[in-house]
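First comes the structure, then the notes that go with it.
The values are calculated or read from the model by the stated rules, or taken from the named source; none is laboratory data. Just so it is clear, the structure is predicted and the values come from calculations on it, not from any experiment. No Cβ is skipped: glycine too gets one built from the backbone with ideal geometry, and neighbour counts run over all protein chains shown. Side chains are part of the model used for accessible areas, which takes the heavy atoms of the whole protein and leaves out ligands, DNA and RNA. Shrake-Rupley method; radii C 1.70, N 1.55, O 1.52, S 1.80 Å.
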Amino acid sequence: MGCAGFTCSKHSLCALNILYVMVSLLMIGIAAWGKWFGLVSSFQVVGGVIGVGVFLFFVALVGLIGAMKHHQVLLFFYMIILFMVFIVQFSVSCACLAINKEQQEHLLEVGWNNSHTTQGDVEKSLNCCGFRQVDQNGTCSAACFHNLSCQPCAQQIQEHAGEVLRFVGGIGLFFSFTEILGVWLTYRYRNQKDPRANPSAFL
């Protein structure tokens with residue numbers, strides 16, 4: 001029974017970390033693909049997504065090596081880091097789902113004013129100009145600007161942002177529960193005896 005429990009914990013922890021590795025590689029791949037094909041020209045956005053993907057990859061790698069070798073130190077640090085990630089991700093996910101329309105509009109306007117590169121990406125993809133009003137004397141990346149038929153971007157961005165926030169919040173909430181599952185599995189596995197080791201040694 002002990003052997004079965006040890007093996008089950010080990011395999012579950014390995015499977016969870018393999019899932020994290022796949023998610024991290026997917027994040028890095030999508031960010032690089034978006035940059036390569038010119039869908040996102042903001043280096044800060046791409047760099048941020050790739051940074052999160054690389055961080056998740058290394059955390060998952062630590063957990064995978066720790067699980068395979070039943071390494072006490074690696075498992076301890078993995079458990080602490082995963083718990084901290086859970087707290088941050090759970091908080092951000094709840095904030096994404098709980099944000100009201102006024103707060104959303106304020107955050108979007110602040111983000112719009114602080115990133116001119118992102119403005120160009122949004123104007124080109126949504127075919128609109130400006131946030132709340134179109135400045136005919138300014139510059140705009142949208143195709144409609146040359147025809148003087150552009151509308152402000154605020155309404156379209158808010159519609160898309162609402163969907164994105166719900167999606168990100170839901171996905172983040174789901175993954176935060178897998179992280180707390182990972183913490184529990186790590187704690188359980190770390191305090192189990194390895195049946196292949198010396199029976200009198202507690203690992």
Check: Quick one: Karplus J couplings for region 136-152, per residue in order, coefficients 6.51, -1.76, 1.60, θ = phi - 60°, nearest Hz, x for Gly and Pro?
Finding: 5, 8, x, 10, 8, 8, 6, 5, 6, 5, 6, 8, 6, 10, 6, 10, x
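At a 1.4 Å probe radius, carbon and sulfur cover how many percent of the accessible area of region 121-184?
That share works out to 59 percent.
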Notebook entry, point to check: Against the longest principal axis of the chain, how steep is helix 116-126, in degrees 0 to 90 to the nearest 10, with axes from Cα atoms?
Noted result: 80
Notebook entry, point to check: With each label point set 7 Å from Cα along the Cα-Cβ vector, what nm distance links Ser141 and Lys101?
Noted result: 2.8
Note to self: Can you tally the net charge around Ala142? Count Lys and Arg as +1, Asp and Glu as -1, for every other residue whose Cβ sits under 13 Å from the Cβ of Ala142.
What the structure shows: -2
Checklist line | Spin-label pair Ser125/Leu26, simplified geometry with 7 Å Cα→Cβ offset, distance in nm | finding: 1.8
Notebook entry, point to check: Solvent-accessible area per residue for the chain at a 1.4 Å probe radius, Å²?
Noted result: 62
Notebook entry, point to check: What FRET efficiency do you get for His71 and Val110 if R0 is 35 Å and r is their Cβ-Cβ distance, rounded to the nearest 0.05?
Noted result: 0.20
Check: For the pair Arg132 and Leu181, what calculated FRET efficiency results from E = 1/(1 + (r/R0)^6), where r is the Cβ-Cβ distance and R0 = 45 Å, to the nearest 0.05?
Finding: 0.50
Margin query: From the phi angles alone, apply the Karplus equation (6.51, -1.76, 1.60; θ = phi - 60°) to region 180-189 and give each ³J(HN,Hα) in whole Hz, x where the residue is Gly or Pro.
Written below: 5, 5, x, 4, 5, 4, 5, 4, 5, 5
